[in-house]
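The values are calculated or read from the model by the stated rules, or taken from the named source; none is laboratory data. Quick caveat, the model's predicted, so the values are computed rather than measured. Virtual Cβ from ideal backbone geometry, glycine too; neighbours counted across all protein chains shown. All accessible areas refer to the heavy atoms of the entire protein, side chains included, with ligands and DNA or RNA removed. Shrake-Rupley method; radii C 1.70, N 1.55, O 1.52, S 1.80 Å.
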Amino acid sequence: MNTLSEIFAAPSIAAAQAEAERKIALFDEAYRTDIARWAMESDDLKFLSKIVHRRLSDRALLSNKWVHRAAQFELIDALSDAYLQEPDRQWLWCTLAWDAGVSWERAPDIDLLSLKAIANGHLRRSGLEGFGVIETDIWKNMVGEPGRRLVSHIHFIGTRAPGNHLKVTEIEAEMRDRRALTNSLGARSVVIKNVGQTVDDLTWLGQYMLKRPAFAKNPIPRNGDGYRLQDVAHARGSVARLVEVFSHCEVGDIIFSIGSGRAIAEKVRAAVRREIAPRTGASPAPTPDEAQSHWNRIRDTCGNKQFHPCRIITRADQRT
């Protein structure tokens, strides 16, 4: 049975998927450049091929392009369906960026559980429901800092929960005033905007929310009002470092939902489950311990000697 989006929104979805494919290709090209001169043992070379390019089973590693593609394309499709079911519904685009999501490329330290819980709580408190993701970028060097920042922040596409009638500007201002969402750089910790009224607006945001970080962010001061982030080419080695970070988490570790957003999240999770189902030619994904062991050895023989092991707290840590 065809979905609404397959019937009515094919051009919009095709455009969003084409943009997503472009970013995947750019990210892959930068990654290949980063590891081109690495001299590795055969087991480590196979490990890298598995976590990035081969079809996986068992675990939905965010580093794997097929897993990532399945999640991203399904989100594009799910948001298209949501629009077509209620074309007059008001959608809001929220970005939350506060100090808890900041660590360093040299020693990534990301508590995905905490970031999701905090964002979930603040969005609920403001009467919003929808679908959210944690996005992680690497910034260019800032003067006086010990290396490049690794910044995780929240993107959320949502609506007002039933019975909530606050204005967007009021929700945004009230959330910014919360002491738990401070940004030491002086940037706006919460930005909320109305989404455009076409299906193209939602499908574009679908590809954006789960895009590959094909570019680094160059922070440019903006007249005392934080920074404007400009897309620039990654420094050599940064994309491989992001792959290392992403190999320690699964898609489910970076997505969350509130209220009606659960339907969107479940479609994404179902698509990912289909992607990692056992199939001919698929390789079992490495366990967390196996991934850590491989990366420890790779860092000892290749890449940047200043890099330390990643500390990524996920649902697996919660279970243990």
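Observations on the model:
- Of all positions in region 47-63, at least one carries a residue that is hydroxyl-bearing (Ser, Thr, Tyr) and not in a helix (DSSP H, G or I).
- Only one of the listed residues (172, 145, 105) is acidic (Asp, Glu) and modelled with pLDDT of 95 or more. That residue is 105.
- Residue match in region 80-95 (condition: closer than 20 Å to residue 132 by Cβ, of a type in the set (Val, Ile, Thr) and open to solvent by less than 40 Å² (accessible area, probe 1.4 Å)): yes
- Top-ranked residue of region 185-201 - restricted to ones that are open to solvent by less than 50 Å² (accessible area, probe 1.4 Å), more than 28 Å from residue 11 (Cα to Cα) and of a type outside the set (Val, Ile, Thr), ranked as modelled with the lowest pLDDT: 186
- Entirely in region 205-320, the strands (runs of 3 or more DSSP E) that have 2 or more residues that are within 30 Å of residue 12 (Cα to Cα), at pLDDT below 95 and open to solvent by 30 Å² or more (accessible area, probe 1.4 Å): 227-232
- Which numbered condition residue 120 fails, given (1) out of contact with any Pro (no Cβ under 8 Å at 6 or more places or on another chain); (2) under 17 Å from residue 234 (Cα atoms); (3) polar (S, T, N, Q): (2)
- Residues in region 56-69 that are of a type in the set (A, V, I, L, M, F, W, C) and either open to solvent by less than 10 Å² (accessible area, probe 1.4 Å) or more than 20 Å from residue 291 (Cβ to Cβ) (or both): 56, 60, 61, 67.
- Test result for residue 9, closer than 26 Å to residue 259 by Cα, more than 22 Å from the chain's Cα centre (by Cα), in contact (Cβ under 8 Å) with a residue 12 or more places away in the chain and surrounded by 16 or more Cβ atoms within 10 Å (Cβ to Cβ): yes
- Boolean, residue 74 is within 28 Å of residue 197 (Cβ to Cβ) and either open to solvent by 10 Å² or more (accessible area, probe 1.4 Å) or part of a loop (DSSP other than H, G, I, E, B) (or both): yes
- Only residues that are of a type in the set (D, E, K, R) and open to solvent by less than 10 Å² (accessible area, probe 1.4 Å) were counted across region 98-135, and they come to 1.
- Qualifying positions in region 172-196 - outside any helix (DSSP H, G or I), farther than 30 Å from residue 25 by Cβ, in contact (Cβ under 8 Å) with a residue 12 or more places away in the chain and not basic (Lys, Arg): 182, 183, 184, 185, 186, 187, 189, 190, 192, 194
- Residue count for region 136-177, restricted to those that are out of contact with any strand residue (DSSP E or B) (no Cβ under 8 Å at 6 or more places or on another chain) and either open to solvent by less than 30 Å² (accessible area, probe 1.4 Å) or within 28 Å of residue 233 (Cβ to Cβ) (or both): 4
- Condition met for residue 79 (part of a helix (DSSP H, G or I) and over 18 Å from residue 256 (Cα atoms)): no
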